[in-house]
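Read through the structure below, which is laid out as C-alpha cells, and then see the notes.
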Amino acid sequence: MQASPVTELLERDGGGGFGQSGPLGGGEGSGNPGVPQRAYVTGMILALGGILMFFMALVSAWVVRKGFPNSDWQPITPPRILWLNSLILIVSSVTLSRSRRCLVARRDEQSRHWWGITTILGVFFLAGQLLAWRQLAVAGLFLATNPSSSFFYVFTSAHGLHILGGIAALLVVAVRPPQRLTRQTATTVVAMYWHFLCVLWLGIFALLWLGK
Amino acid sequence: MKIEELFAQNFVRHSVDFVLELRREFILRKCQFLQFLRTKTGLRGAFLAVFCTLAGASGAAAQSCAMCYQNAAASGAQGGATLRHAILVLLLPAITLFVGILGLVYRRRNPVR
C-alpha cells in the first residue's frame, strides 16, 4: 500500500514519535521530546472542526435571516474580483501542495521556493478582498446598509482574518520554525489549515453567489 | 494516656483506614468497569444504555422556550422551513465532527507502541 504524503512526513519525523529532526530539518525544529508529532496534527484537526462550526453558525444565521418571511433582505451582487481571488487561493493551495511534495522528495530549495509563492499569493488574496470591499463601498454598500451586505462583510472579514493567521503561520515556518515541532510536522499542519481555508472560501463564495 | 484519648486516636485511625479502603475499592471497581467497557459486550452495552437514555428522554425534546415556539409558529410555513434548514446546517457538520472525532479516538485508543 502506498503511503500518503502525511504519513510519509510523519514517519520521517520519527513515526509520530518524539520529534526527531528530519533530514531536511537542517537542525531546525529539533522537536520536543515526549510530545508525539502526531499530536499536533490531531490538534489541528480539532481546531479546524471549531473553525468549521463557527462558519456554519454564520451560515445558519444567514439562512434564517434570508429565508424568514417579511424579511428586509435585499440581495447584492458580489464584486467580480472575487472570481480572481478564488482563483488565486486555489493556485496558492496547489503551490503549497507542490512545496510539500518537494519536501517529501528532499528538494529543500524548491520546497522553500513554492512555500514563498504560496505566501505571496495569500497576500494577493487579502489585497483582492480589500479591493472587493472598496468596490462595494464605492457602490454605496456598507456593513450596515442591509442584512445582505452585512453578511457579505462578516463572511469575508472572518475568512480574511483566518487567512491572515495562515499567512503568519507560513511566514513563521519559513523564517523561524517553532522549536516544539519539526519542520515536516509544521509544514503538514500549516498545509492542512491552508487547504481547509481554500475549501471554506469556495463554500462561502458559492453561498454568496448562488444564494444572492 | 487517658481512655478518651486512646479512643479518639483509634477512632481517627480506623476512620482513615476505612476511607482509604473505600477509595481503593472505588478505584478497583472503576478499573474493572473501564476494562469491561473495552470488551465488545461492554461497548454494546454502553451504546444500548446511551440509546435507551436518549429514547427515554423524548419528552425533554418536546420542551422548548415558549417565546421561540410562538415566534416559530407565527412565521408560517416558509419560516418553519427556513428554521428547519438552518437547524440542519448546524446539525449536520456537528454530527459529522462528533462521529469523526469518535472514530479517531476509537482508532487511536491504544497507545503507540
**Q.** Which of B:23, B:84 has the fewest Cβ neighbours within 10 Å, and the rest in rising order
**A.** B:23, B:84
Q.
Take residue A:176 and residue A:108, extend 7 Å from each Cα along the Cα→Cβ direction, and tell me the distance between the two endpoints in nm.
A. 2.0 nm
Q: Rank the residues A:193, B:106 as a footprinting-exposure proxy: fewest other Cβ atoms within 10 Å of their Cβ go first.
A: B:106, A:193
Q: Just need the relative contact order of region A:80-130 here, percent rounded to a whole number, with Cα pairs under 8 Å and 6+ apart.
A: 50 percent
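Net charge around residue A:72, counting only other residues with Cβ within less than 11 Å of its Cβ (Lys, Arg = +1; Asp, Glu = -1)?
+2
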Q: Check the straight Cα-Cα distances from residue A:212 and name the lysines below 19 Å, setting aside those fewer than 8 residues away within the same chain.
A: A:66
Q: Please provide three numbers in whole Å: the alpha-carbon extents of chain B along the principal axes, with the largest listed first.
A: 85, 46, 23
Q: Determine the shielding of peptide A:52-65 by partner chains: average, over its residues, the number of Cβ atoms on other chains within 10 angstrom of each Cβ.
A: 4
(Q) Rounded, prolate or oblate for the protein assembly as shown? Axes are the square roots of the Cα gyration tensor eigenvalues, ordered a ≥ b ≥ c, and the cut-off for rounded is a/c under 1.5. (A) oblate
Q: Please order A:66, B:40 by the number of other Cβ within 10 Å, starting at the fewest.
A: B:40, A:66
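Set the Förster radius R0 to 30 Å, insert the Cβ-Cβ distance between residue B:72 and residue A:199 as r into 1/(1 + (r/R0)^6), and round the FRET efficiency to 0.05.
Here the calculated transfer efficiency is 0.40.
Using r as the Cβ-Cβ distance of residue A:61 and residue B:6, and R0 as 56 Å, what FRET efficiency do you calculate, to the nearest 0.05?
That gives a FRET efficiency of 0.20.
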Q | Rounded D (µm²/s) - region A:20-172, Kirkwood Rh over Cα pairs, Stokes-Einstein at 10 °C, 1.306 mPa s | A | 87 µm²/s
Q | Exercise: per-residue mean of other protein chain Cβ atoms within 10 Å, B:90-100 | A | 3
Q) To the nearest 0.05, what FRET efficiency results for residue A:124 and residue A:150 with a Förster distance of 22 Å applied to their C-beta separation? A) 0.25
Q | All-pairs alpha carbon distance profile, region A:171-212, 5 Å steps from 0, percent | A | 5, 21, 19, 15, 11, 10, 9, 7, 3, 0
Q: Quick one: grab Rg to one decimal and Dmax as a whole number for region A:86-212, Cα atoms only, in Å.
A: 16.4, 53
Q: Determine the sum of side-chain charges near residue A:98: Lys and Arg each +1, Asp and Glu each -1, restricted to other residues whose C-beta is under 15 angstrom from that of residue A:98.
A: +3
Q) Can you give the alpha-carbon Rg of region B:65-112 over 2.2 N^0.38 Å, where N counts its residues? A) 1.86
Q | Local net charge near residue B:78, Cβ-Cβ under 14 Å (Lys/Arg +1, Asp/Glu -1) | A | +3
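Values quoted throughout were computed directly from the atomic coordinates according to the rules given, and no laboratory measurement underlies them. Being a predicted model, the structure only gives us computed values, none of them experimental. Don't worry about glycine lacking a Cβ; one is built from the backbone with ideal geometry, like all the others, and counts go over all protein chains shown.
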